[in-house]
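First the structure, in the form of structure tokens, and then the observations on it.
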Amino acid sequence: MKVTDHLSRAKSTLFSFEVLPSLKGRDIQDLYSGIDPFMEFNPSFINVTYHREEFIYKKLSNGLHERRATRKRPGTVSICAAIKNKYGVDAVPHLICGGFSRDETESALLDMHYLGMDNVLALRGDPVKGETVFVPEKDGHAFASTLVKQISEMNKGNYLDDEIVEGIPTDFCIGVAGYPEKHFEAQNLKSDLRHLKEKVDAGAHYIVTQLFFDNAKFFAFVKACRQIGINVPIIPGIKPITTIKHIGFLPKTFHIDIPEPLADELEKCKNNEQAMHVGVEWSIQQTKELIAAGVPCIHFYTMGKSEAVRQIVKAAY
Ligand code: FAD
């Protein structure tokens, strides 16, 4: 079922979460043990992230180094099919522009379509690890908006190959990313919102936000979206802090602020157990407030920390 159908039928705030594919070489059971604890809360859908290739340098016997591409977390689409089959829950594959030509994108979308997937989260992807600028593939998409356009065209039966007439239309419900605290490359919030609107105008059906710790920023973001005519559902993204290292890591990686009262509490923590307690309590309050405000669904970023998210959902839903 489409995400937007889940949202329109809901009588209260839905629960969804995001998982990462297991590291290459690990058993899929690893992934299932991260999903199992959530099944008692009836997730409406489960997102599965996409991880592009990374480059590693292997030392050769002649002393030179060879640059090799490797994907550490492959299997997004097949994992979605496995989740649907095992749990009977809709799974939403993430699809990125990075590393894909338009033709490869079309093939990936067909794989999803043949496997019966109704949803896709369309993203640009970050620059390759170690690089500062996003470089699209030859004939690939430079921005998520044109990826959305390609999916929308397939939904009308328009394929890249002109010779395909009356192609079978796909029927994807398309999600895109939004940033309450602005995407780190955007000049300002206004230009970022303008580009977000381009994604919606290109056919996106809903938005999932980057994680944030200050609900006021989310509410302001929703208001600003509505003011410029973005009328699709907006799903807030929540991630609990679970380690002391997160205090530095999360702002640096996701370009978000940690509010002063939260940072002050975290600074008093002597170990990860205490940090997780503070982080979980903060996220419980955030979640309760978002539910009270009537958000359609909350998207929890688990990042391999199911227990923290389980505690939040148990306390807040
Ligand atoms: P875009 O919407 O293309 O925007 C990227 C930047 O370009 C923004 O600054 C925007 O303002 C600007 N921009 C857009 N259009 C134009 C234009 N026409 N001209 C000039 N500037 C423009 N990454 C992964 O690799 N895998 C994942 O599975 C994944 N899942 C994610 C899930 C969620 C919910 C979120 C919020 C992010 C996720 N990401 C993932 C990270 C995402 O790929 C990065 O944040 C990426 O840097 C931007 O992706 P985007 O789709 O928002 O890009």
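Here are some notes:
- For the stretch 1-127, the solvent-accessible area of protein heavy atoms averages 48 Å² per residue (probe radius 1.4 Å; ligands and nucleic acids excluded).
- Each DSSP beta bridge with both residues in the chain is either parallel or antiparallel, and the antiparallel ones are about 15%.
- Amide H to amide H, with H built 1.01 Å from N, ALA91 comes under 5 Å of ILE46, counting only residues 5 or more places away or on other chains.
- Here the chain has 51 percent of its accessible surface on carbon and sulfur atoms, given a 1.4 Å probe and all protein chains in place.
- Sites LYS24 and GLU131 - FRET efficiency at Förster radius 22 Å, r taken between beta-carbons, to 0.05: 0.50
- Its Cα centre serving as origin, the stretch 1-109 has a Cβ charge dipole (Lys and Arg +1, Asp and Glu -1) of approximately 300 debye.
- Calculated FRET efficiency for the pair ALA69/ASP161, C-beta based, R₀ 30 Å, to 0.05: 0.60
- Shape category assigned to the stretch 18-161 from the gyration tensor of Cα positions, a/c cut at 1.5: oblate
- Cut-off under 5 Å, modelled amide H: who pairs with GLU137 long-range: GLY99, PHE100
- Per residue of the chain, the DSSP helices (runs of n ≥ 4 H) give a summed -39500 (n - 2.57) that works out to -12500 deg cm²/dmol at 222 nm.
- In this structure the stretch 175-317 gives 46 Å² per residue of accessible area when probed at 1.4 Å with all protein chains present.
- Positive-end ranking of PRO261, GLY248, GLY279 along the dipole of the stretch 239-281, with charges on Cβ about the Cα centre, is headed by GLY248.
- Fully extended contour minus Cα-Cα distance, from LYS138 to ALA186, at 0.36 nm per residue: 15.0 nm
- Global form of the stretch 79-185, assessed from the alpha-carbon gyration tensor, a/c cut-off 1.5: oblate
- Anisotropy class of the stretch 1-54 from Cα gyration tensor, a/c 1.5 cut: oblate
- Evaluating 6.51 cos²θ - 1.76 cosθ + 1.60 at θ = phi - 60° for every residue in the stretch 32-48, the Karplus couplings come out as 4, 5, x, 8, 3, x, 8, 5, 5, 9, 6, x, 7, 7, 10, 8, 10 Hz, glycine and proline recorded as x.
The values are calculated or read from the model by the stated rules, or taken from the named source; none is laboratory data. Just so it is clear, the model here is predicted, and its values are computed rather than measured. Glycine gets a Cβ as well: all are built from the backbone with ideal geometry, and neighbour counts include every protein chain shown. Ligands, DNA and RNA are excluded from the accessible area calculation, which covers all protein heavy atoms including side chains. Shrake-Rupley method; radii C 1.70, N 1.55, O 1.52, S 1.80 Å.
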